[in-house]
């Protein structure tokens, strides 16, 4: 059955991410909330389903600590993501928008994507998903490609305001890691 295939769920998520990258350069299309919601849903649903126990895959053992370790990492991701997320973050920037530069945005330019990575890593550990953890580097690359498109649009729309922010906050997703 296809819903039991972890690669099906990875493909669904990557399809959503590809749509996100492709649509981000087209603000007239992605600015519509239903489109943005559909893209985010595709990215998220596959990532939620892939590690679950009904999807057969190799599982690792962590001496029964996997719920604790995974839960702490997932909680760290949510701790970063909840205060940084807003519905407005689902749509492209507008010239009159206020640029967030404080809180987690004062440490990294894309804390929402760091949250995305952390909750997924924690979730995969909680369900001991080897395939899920193996997709993390692919997700890091996918988010980086999306960030590059997003930052170009931010520079085009916000100009010097965004370029100054980039000089002040050099790290994209992880402090100390410039990529």
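Most exposed first by the Cβ proxy, i.e. fewest other Cβ within 10 Å, how do 9, 139, 67 rank?
Least to most surrounded, the residues fall as 67, 139, 9.
How large is the helix-only mean residue ellipticity at 222 nm for the chain, computed as the sum of -39500 (n - 2.57) over DSSP H runs with n ≥ 4, divided by its residue count, in deg cm²/dmol to the nearest 500?
-20000 deg cm²/dmol
Using Cα atoms only, what is the angle between the long axis of helix 33-49 and the major principal axis of the chain, expressed in degrees (0 to 90) to the nearest 10?
Result, in degrees: 30.
Of 39, 73, 130, which has the largest mean-square fluctuation in a 10 Å C-alpha GNM of the chain?
Result: 130 has the largest fluctuation of those listed.
Compute the long axis of helix 111-126 from its Cα atoms, compare it with the longest principal axis of the Cα atoms of the chain, and write down the angle in degrees, 0 to 90, nearest 10.
0
With angles folded into 0 to 90 degrees, how steeply does helix 136-158 sit against the dominant principal axis of the chain? Use alpha carbons for both and round to 10.
10
Using the 10 angstrom Cβ neighbour count as an exposure proxy, how do 161, 152, 167 rank, fewest first?
Listing 161, 152, 167 from fewest to most nearby Cβ atoms yields 167, 152, 161.
For 128, 109, what's the fewest-to-most ordering of other Cβ within 10 Å of each Cβ?
128, 109
Report the calculated FRET efficiency for residue 152 and residue 78 (r = Cβ-Cβ distance, R0 = 30 Å), to the nearest 0.05.
Computed FRET efficiency for residue 152 and residue 78 comes out at 0.55.
Taking the chain as a Gaussian network, Cα atoms linked when under 10 Å apart, which of 126, 19, 97 shows the biggest mean-square fluctuation?
Looking only at 126, 19, 97, the largest GNM fluctuation is found for 97.
Pick from 42, 141, 52 the residue whose mean-square fluctuation is largest in a GNM of the chain, springs joining Cα atoms under 10 Å.
Highest fluctuation of the listed residues: 141.
Hey, if you drop one equal point scatterer on each alpha-carbon of the chain and run the Debye formula without solvent, what base-10 log of I(q)/I(0) do you get at q = 0.08, 0.10, 0.12, 0.15 Å⁻¹?
The computed values of log10 I(q)/I(0) come out as -0.27, -0.41, -0.59, -0.90.
No value in this document is a laboratory result; all are computed from the given coordinates. Predicted model, so just to flag it, every value in this text is computed and none were measured. All Cβ positions, glycine included, derive from the backbone under ideal geometry; neighbour counts span all protein chains shown.
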